[in-house]
Amino acid sequence: MSTSTVAPNEAVVPESDVAVAVEGITKRFPGVVANHDVTFAVRRGTVHALVGENGAGKSTLMKILYGIQQPDEGTITVDGRRITPKNPADAIAAGVGMVFQHFMLADNLTVTENVVLGAEKLHGIGGAARAEIVRISDQYGLGVDPDALVADLGVGARQRVEILKVLYRGVKVLILDEPTAVLVPQEVDALFANLAELKREGLTVIFISHKLDEVLSVADAITVIRRGTTVTTIDDPSTIGSRQLAELMVGSELPTPQTEESTVTDREMLRIDGVSLAGGAEVGRDLLSDISLTIHAGEVVGIAGVEGNGQQELVEIAMGMREPTAGRVLLGETDVSDWGVREIREAGVGYIPADRHRQGMLLDAPLWENRMLGHQTQEPNGAHGMLRNRAARKDTERIVREYDVRTPGVDVTAGSLSGGNQQKLIIGREMSHDPVVLVASHPTRGVDVGAQAAIWDHLRAARREGLGVLLVSADLEELIGLSDTIHVILRGAITATFDADVVTSEDLGAAMTGAGTAAATDPTTTEAAR
Ligand SMILES: Nc1ncnc2c1ncn2[C@@H]1O[C@H](COP(=O)(O)OP(=O)(O)OP(=O)(O)O)[C@@H](O)[C@H]1O
Ligand SMILES: [Mg+2]
């Protein structure tokens, strides 16, 4: 090993230190160069972050490392050995594992069954496998219960199972593509503690995130990718701030976000009035109990909560996907409690779903067809029951421009867009029909900082025009920045209400986990305290 010659263009980090070296990687798709001459080195036992705008080429690069895609040019070296993975099994054999943002566990199986699936040769499927899972869980402080049913696990726990699943296969390099996008702050802290443990044991983590403060706090080194190319690698992140980092990503100075003033009127747009939703025998409690809130024209009402405390059910009730077992939903003056989703949408309620792959998009269909989804009967898509594809295509081009969707055109499939650009398309579509009410679940999940600021500006502009917004978000900064009022939901009930002008993320965090709710209720909002 020590006798090998080092070519002059090789990474500057001493070879023995390097876990992964990526050199000159280029990957082309029809109409797009996703990666162009990407070069960087990752030191062993570090957390190495990858940052860049939506569509910069981060996920493509990681899919190449993990064997899901093959590069047109360039080389990958792991522990000094050149690898050319043709599929994930090859990558895992070479010591590289990856956890995706969309989890791939089978709900109806236990943790052990999920972990062992496809790796039965390692430790069988019985007691030895279970013991190995317990050992790995203890070694890295993952706190995974080998006998739990995956269906019963929350988002953070599922993610730890996914991580354990790749560790079980003996990988030395772990790729995490936007792992924190789905986590609440407490879970992010727990994940970072796990990463520190992995580092201590000599593992290497490659980590992608759009939350730059988070990146600065956890990363030992940061590589910036812009339009498919590596811009720089920062070896000492303590020398840089999040704004500077964002400017490296964008390649120019960022605009300062516009200040906002309250636009709340007294016109009621959406009222949830004493709504409950029974949970069925296996749940053993109400999914929602006696929820009341009002959204006025020009008002953003935020919902904060740890995932799984009823926010999704609340959204589904507002959208007519579920009918409340008690209470009423009023749109303006009209009782819409028993309306279906199509009627609710036609009445002017826009919807940004939490899971864009399950609701909201057809990944195999072109962008312009996705433009029509859910709005087939509305202008400019359809008139008199006829779909007007030409108009839809043209309007999709407008959305692509206005919402800065990075795509070679409107005929490519939605599935070929980067995650953040898919999200921008959905937001553009929903805002295009001048909704009177917008129900938005994690609207900027996976969106880069620049695009997030632009989307906030779009939402604030619509709010000034009288839009009422129900905003569910795990991003507390977003909740505080956009909302007028924030309700905290815990075990299906509203347990605290805050004025967004004065609340801090710490206040919200404490209320979300059930600590210190006593002082939280703001006397100026009436319906929350009961
Ligand atoms: N399978 C594919 N077919 C065609 N184009 C693709 C495919 N996968 C990615 N692309 C394109 O490659 C570019 C890079 O996409 P990639 O998903 O790597 O971006 P990203 O940096 O991960 O962005 P985000 O932060 O939004 O997730 C984008 O222009 C995208 O549209
Ligand atoms: Mg991505």
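The values are calculated or read from the model by the stated rules, or taken from the named source; none is laboratory data. A quick note: this is a predicted structure, and the numbers were derived from the prediction, not measured. Using ideal geometry, Cβ is built from the backbone for each residue, glycine included, and neighbour counts are taken over all protein chains shown. Side chains are part of the model used for accessible areas, which takes the heavy atoms of the whole protein and leaves out ligands, DNA and RNA. Shrake-Rupley method; radii C 1.70, N 1.55, O 1.52, S 1.80 Å.
Taking the solvent-accessible surface of protein heavy atoms with a 1.4 Å probe, what is the per residue accessible area of region 105-161 in Å²?
Heavy-atom accessible area per residue stands at 49 Å².
For the pair Glu253 and Ala148, label points projected 7 Å from Cα toward Cβ lie 4.9 nm apart. Heavy-atom accessible surface of region 431-490, averaged per residue, reaches 25 Å², computed with a 1.4 Å probe.
Positive-end ranking of Asn108, Thr495, Ile295 along the dipole of the chain, with charges on Cβ about the Cα centre, is headed by Asn108. Between Glu346 and Asp17, the modelled label-to-label distance comes to 6.6 nm, taking each label 7 Å out from Cα in the direction of the beta carbon. Annotation: extensible slack from Asp138 through Arg358 equals 75.8 nm (criterion: 0.36 nm per residue apart, minus Cα-Cα distance).
Remark on Ile352: its backbone amide H falls under 5 Å from those of Val439, Ala440, Ser441, a criterion applied only to residues 5 or more positions apart or on other chains, H modelled at 1.01 Å from N.
Report summary: the helix-based calculation at 222 nm, which adds -39500 (n - 2.57) for every DSSP H run with n ≥ 4 and divides by the residues of the chain, gives -8500 deg cm²/dmol. Checking the cross-link pairs Lys121/Lys165; Lys86/Lys121; Lys86/Lys199; Lys58/Lys172; Lys121/Lys199; Lys27/Lys58 against a 18 Å limit on the alpha carbon distance flags Lys86/Lys121; Lys86/Lys199; Lys58/Lys172; Lys121/Lys199 as lying beyond it.
Antiparallel beta bridges, as assigned by DSSP with both residues in the chain, represent about 55 percent of the total such bridges. Using 0.36 nm per residue and subtracting the Cα-Cα separation, the extra length available between Phe29 and Asp434 on full extension is 142.3 nm. Close amide-amide hydrogen proximity is noted between Asn35 and Lys27, each under 5 Å apart and 5 or more residues distant or on a separate chain (H modeled in the peptide plane; Pro and chain starts excluded).
Put a plus charge on the Cβ of each Lys and Arg, a minus charge on the Cβ of each Asp and Glu, and nothing anywhere else: the dipole of the chain about its Cα centre is then about 1760 debye. Note that region 172-177 has calculated 3J(HN,Hα) couplings of 10, 10, 10, 9, 10, 8 Hz, one per residue in order, obtained from phi through the Karplus relation 6.51 cos²θ - 1.76 cosθ + 1.60 (θ = phi - 60°); glycine and proline are x.
Farthest towards the positive end of the charge dipole of region 417-487, among the residues Gly419, Val469, Thr485, is the Cα of Gly419, using unit charges on the Cβ of Lys, Arg, Asp and Glu. The share of accessible area on the chain that comes from carbon and sulfur is 50 percent, using a 1.4 angstrom probe.
Give me the number: length gained by fully extending Glu201 to Ala278, i.e. 0.36 nm times residue separation minus the C-alpha to C-alpha distance, one decimal in nm. Residue separation times 0.36 nm, minus the Cα-Cα distance, leaves 23.1 nm.
Shown are Val336, Val449, whose ranking by accessible area with a 1.4 Å probe and every protein chain present, most to least, is Val449, Val336. Each Lys and Arg adds +1 at its Cβ and each Asp and Glu adds -1 at its Cβ; summed about the Cα centre, region 110-252 shows a dipole of about 380 debye.
At a Förster distance of 41 Å, what's the computed FRET efficiency of Glu261 paired with Ala131, Cβ-Cβ distance as r, to 0.05? For Glu261 and Ala131, the calculated efficiency is 0.10.
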